[in-house]
Amino acid sequence: MLDDTGNGGVSPADCTLVIPAYNEERRIRSLLEDVSGFKGDLVFVCDGTDATAEIVGAFADAHPSLSIRCLTYPARLGKGGGVVAGMEAAETPFVGYMDADGSTALSEMERLFDRLATADGAIGSRWVPGSVLPVRQGFRRRVESRLFNLMARALFGLDYRDTQCGAKVFRKDALEEVLPSIRSTGFEFDVELLWRLRRSSYRVEEVPITWENRDESKVATTDVKAMLLGMIRLRFG
């Protein structure tokens, strides 16, 4: 990531990384170690019923040099609701979010942040030339992903090949314009966010990424159906 040399670009200290963490006590310790080298702000959004928030809090106490906040909520916010809560709490000029499963390395998120020197947003993509997938999703998930992408293109006119990769960064001023209009709280949130940014004439780049599939995905077939229905309601509701 670009450093503070006065040569322009994106300073790590000007970035916030939001991580929605719903019932992630089994793998949150590994993620905390992975992102402990981040020089900006880390905001975890915990809205589950397990010990995730306590684990994050204990890690923050043990690493006072890191800027870690843990937002806790008594009821489920949904993937989109959690990301929005974290973005709204961010106090830096650049804000991104990543999945808690560790499928995207911190170095990849930092590479996306660097794109904000010239763009309003940058999203990681598993389906553009240059992407690297050491461990791919299963066949069913790949088929669901492609069908979902076709629906997003047809309904919203988006030309992105991968709207659902959990690795995205944006300028905070762009987010502040569109977040008040966001209606989605589920996994279809990514599509609505990109759609509203496009309608507001913001430029979001799709960037090839190194992404490794991890077990225990929180997206079930029922979630895919809910995402499709959510997109239809959003577009025609």
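The values are calculated or read from the model by the stated rules, or taken from the named source; none is laboratory data. Note that the structure is a prediction, hence the values are computed from the model and not measured. So basically every Cβ, Gly included, is an ideal-geometry build from the backbone, and we count neighbours across all protein chains shown. Ligands, DNA and RNA are stripped out before the accessible areas are found, and what is left, the full protein with its side chains, is counted by its heavy atoms. Shrake-Rupley method; radii C 1.70, N 1.55, O 1.52, S 1.80 Å.
What to note about this one:
- Solvent exposure, largest accessible area first (probe 1.4 Å, DNA, RNA and ligands not counted), of 73, 97: 73, 97
- With all protein chains modelled, accessible area of residue 236 [1.4 Å, Å²]: 150 Å²
- The solvent-accessible area of residue 65, taken with every protein chain present and a 1.4 Å probe, is close to 110 Å².
- The simple Förster model, with R0 at 41 Å and r as the Cβ-Cβ distance, assigns residue 140 and residue 58 a FRET efficiency of 0.65.
- What the phi angles of region 152-157 give under the Karplus curve with 6.51, -1.76 and 1.60, with θ = phi - 60°, is a coupling list of 4, 5, 5, 7, 10, x Hz, glycine and proline written as x.
- Annotation: lysines with alpha-carbon distance below 29 angstrom to residue 225 (same-chain offsets under eight excluded): 79, 168.
- Cα-based reach from residue 39 at 16 Å (exclusive), listing aspartates and glutamates while leaving out same-chain residues under 8 positions away: 3, 4, 14, 91, 108, 110, 114
- Projecting the Cα positions of 210, 181, 63 onto the charge dipole of the chain (unit charges on Cβ atoms of Lys, Arg, Asp and Glu, taken about the Cα centre) puts 181 furthest along the positive direction.
- In the list (i) 1.02; (ii) 0.94; (iii) 0.99, the label attached to Rg/Rh (Cα atoms, Kirkwood Rh) as derived from the coordinates here is (ii).
- Oblate is the label for region 145-237, because a/c, from the alpha-carbon gyration tensor with a ≥ b ≥ c as root eigenvalues, is 1.5 or above and a/b does not exceed b/c.
- Karplus-based coupling profile of region 174-189, in residue order and whole Hz: 5, 4, 4, 6, 9, 4, x, 8, 5, 10, 7, 10, x, 6, 7, 3, with θ = phi - 60° in 6.51 cos²θ - 1.76 cosθ + 1.60 and x standing for Gly or Pro.
- Average accessible area per residue (Å²) across the chain - probe 1.4 Å, nucleic acids and ligands excluded: 45 Å²
- Taking the protein heavy atoms of the chain in the context of the full set of protein chains, the accessible area attributed to carbon and sulfur is 51 percent at 1.4 Å.
- Candidates 151, 98, 109: whichever shows maximal mean-square fluctuation once the chain is modelled as a Gaussian network with Cα springs under 10 Å: 151
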